[in-house]
Amino acid sequence: MTPLLKNALSFSYTPFTTTRRRHWKRLLPVAVAGAIVAAAITAWDNGDWRLNLSPSEPMGIWSVTPITPETRLHAGDIVTICPRLPSGYHYGWLADKTHAANACADGRAPYIKTIAAGPGDVVRETGRGVIIDGHPLPDSQPLPFTTSKPQVRLPQWRGTVTLKDRQYWAYGAGDPRFSFDSRYWGPFRQVQVRGVAHPVAVWEFDWTPKTRD
């Protein structure tokens with residue numbers, strides 16, 4: 001091969017290879033971002049992620065690990081649950097018109113709450129608040145009505161109970177003053193739990209309800 005032909009081939013081949021490499025380098029961030037978005041959508045649709053905008057727990061994104069029959073829950077765990085609500089009350093103010101992955105039987109998104117007490121714990125609730133094993137639960141005085149307008153009467157759980165095996169007491173630890181939890185519908189059982197939640201990107205807040213006509 002003559003030097004002239006060799007130089008010509010080298011000249012024609014090198015720019016093509018370099019251009020192709022640069023092209024893929026430009027597409028790589030797009031491909032990675034697309035994969036992340038696709039994975040996020042899949043996780044969201046499967047209920048593996050949860051966006052919380054309620055005062056029950058800190059606002060933001062949570063990851064949710066589905067429970068199994070072997071899962072053992074403990075006080076302090078944050079769970080997503082579908083509790084059985086007392087009959088005879090109006091719950092329209094809880095309506096969730098957004099897409100709710102792994103929705104409860106009534107179509108509502110599962111609640112996200114902290115387990116405040118578990119099997120063997122003694123829970124006592126009065127109109128002044130909740131006491132667990134003799135220790136008052138902070139900011140646990142129940143509200144008689146919803147904070148929205150028109151105001152709706154809330155159910156009230158009253159009495160003393162020793163929690164049985166796989167029975168728990170829910171508490172909204174984000175801003176408990178306004179959390180709709182076991183103070184209103186009593187203990188829940190593990191079969192009503194959908195998963196254990198872990199914070200991904202959340203922030204603390206002081207929530208002041210805005211009433212509306």
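Within the stretch 48-64, the residues that satisfy the criterion of being open to solvent by 10 Å² or more (accessible area, probe 1.4 Å) and outside any loop (DSSP other than H, G, I, E, B) are 49, 50, 51, 59, 61, 63, 64. Given the criteria open to solvent by 50 Å² or more (accessible area, probe 1.4 Å), out of contact with any strand residue (DSSP E or B) (no Cβ under 9 Å at 6 or more places or on another chain), assigned to a loop (DSSP other than H, G, I, E, B) and more than 14 Å from residue 73 (Cβ to Cβ), does residue 150 qualify? Yes. Does residue 145 qualify as being among the aromatic types (Phe, Trp, Tyr) and within 17 Å of residue 57 (Cβ to Cβ)? Against the criterion (among the aromatic types (Phe, Trp, Tyr) and within 17 Å of residue 57 (Cβ to Cβ)), residue 145 does not qualify.
For the stretch 116-133, filtered to residues that are within 22 Å of residue 78 (Cβ to Cβ) and of a type in the set (D, E, K, R), the residue that is least open to solvent (accessible area, probe 1.4 Å) is 125. Selection within the stretch 157-196: residues that are under 16 Å from residue 125 (Cα atoms) and of a type in the set (Lys, Arg). The member of this set that is modelled with the lowest pLDDT is 177. Within the stretch 163-197, the set of residues being within 20 Å of residue 103 (Cβ to Cβ), open to solvent by 10 Å² or more (accessible area, probe 1.4 Å) and in a loop (DSSP other than H, G, I, E, B) comprises 180 only.
Each residue in the stretch 92-120 was checked for being at pLDDT 80 or above and among the charged types (D, E, K, R), and 2 pass. Test residue 131 against the stated conditions and say whether it is within 21 Å of residue 63 (Cα to Cα) and modelled with pLDDT of 95 or more. So residue 131 does not fit the description; no.
The values are calculated or read from the model by the stated rules, or taken from the named source; none is laboratory data. Only a predicted model underlies this, so the values are computations on that prediction, with no experimental measurement involved. All Cβ positions, even for glycine, are placed from backbone atoms using ideal geometry, and neighbour counts span all protein chains on display. With ligands, DNA and RNA removed, areas are computed over all heavy atoms of the protein, side chains included. Shrake-Rupley method; radii C 1.70, N 1.55, O 1.52, S 1.80 Å.
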